Amino acid sequence: MKKNLFVTLLLFTPLFSFAQTFKPIDGAIGIKFGDEGLKAKNIITAHGGEFDILGSHYPESLHFTHVNFGHFASELAAVKLFRGKVYEMGFIFRVDTGAKTISYYNDLVASLNKIYGEGKSTWDFKSPYTKGDGNEVEAIKTGNADVETLWIDKTNAIQVKIVPDAYVIMLTFQDSKVAEQANAKK
């Protein structure tokens, strides 16, 4: 009887388990690390991006304006290439006012947490500023605070960071192993 109960529980346990599986960090918006630059360009233009020929004057980087990242609209986006293949993608989001910066950042981080799991957030303030004092935007704008969230998966990473002017949020996806090779070549 105990054996039958144990076997029954063993068989039905997977049906009642709700394990969360998160997406590996292997690219963004349909572009995978290692894809050819032309493929990346085609995918980004399909996401509303406009190729910026003036900003793309180096063969190892492609620049775009107005790229949609989910329901977030970036002002600028860049794709970095090493030996013609994608190893990094960056998006810049400009917020209308400083007051919206923190909520926009939090919304973007929450959206990425749903896909990649909980990122490691850092809110590092210099005196006299502290998190929750109501002066976070001023602290960021004056360079007295660093606010970022990181996700790391093997050698790949995602970073969301509020830039010190406080109206800009940067999102970067990177194959860190290839980035080291690209930087060593420079």
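Here are some notes:
- Cβ-Cβ FRET estimate between Asp153 and Lys126, R0 fixed at 35 Å, reported to 0.05: 0.70
- Accessible area (Å², 1.4 Å probe, nearest 10) - Asp153: 40
- The heavy atoms of Asp96 offer some 120 square angstrom of accessible surface to a 1.4 angstrom probe.
- Partner lysines for Lys32 [C-alpha distance under 17 Å; skip if fewer than 8 residues away on the same chain]: Lys23, Lys41, Lys80, Lys85, Lys154, Lys177
- To put it simply, the accessible area of the range 29-184 at a 1.4 Å probe is 54 percent carbon and sulfur.
- Vicinal HN-Hα couplings computed from phi for the range 129-141 (Karplus, 6.51 cos²θ - 1.76 cosθ + 1.60; Hz; Gly/Pro x): 8, 9, 5, x, 7, x, 10, 4, 5, 4, 5, 5, 4
- Residue-level accessible surface for Arg94, protein heavy atoms, 1.4 Å, Å²: 120
- Straight Cα distances below 28 angstrom link Lys126 to the lysines Lys100, Lys141, Lys161, with same-chain residues fewer than 8 positions distant left out.
- The largest accessible area among Leu62, Leu171 belongs to the first residue in Leu62, Leu171, and the rest follow in falling order (1.4 Å probe, all chains).
- Each listed q (0.19 Å⁻¹) maps to a log10 I(q)/I(0) for the chain from the Debye sum over equal C-alpha point scatterers, namely -1.29.
- The residues of the range 29-184 expose, per residue, 53 Å² of accessible area to a 1.4 Å probe.
- Using C-alpha pairs below 8 Å separated by at least 6 residues, the relative contact order for the chain is 18 percent.
The values are calculated or read from the model by the stated rules, or taken from the named source; none is laboratory data. Just so it is clear, the model here is predicted, and its values are computed rather than measured. In this analysis, Cβ positions are derived from the backbone assuming ideal geometry, glycine residues included, and neighbour counts consider all displayed protein chains. For accessibility, only protein heavy atoms count, side chains too; no ligands or nucleic acids. Shrake-Rupley method; radii C 1.70, N 1.55, O 1.52, S 1.80 Å.
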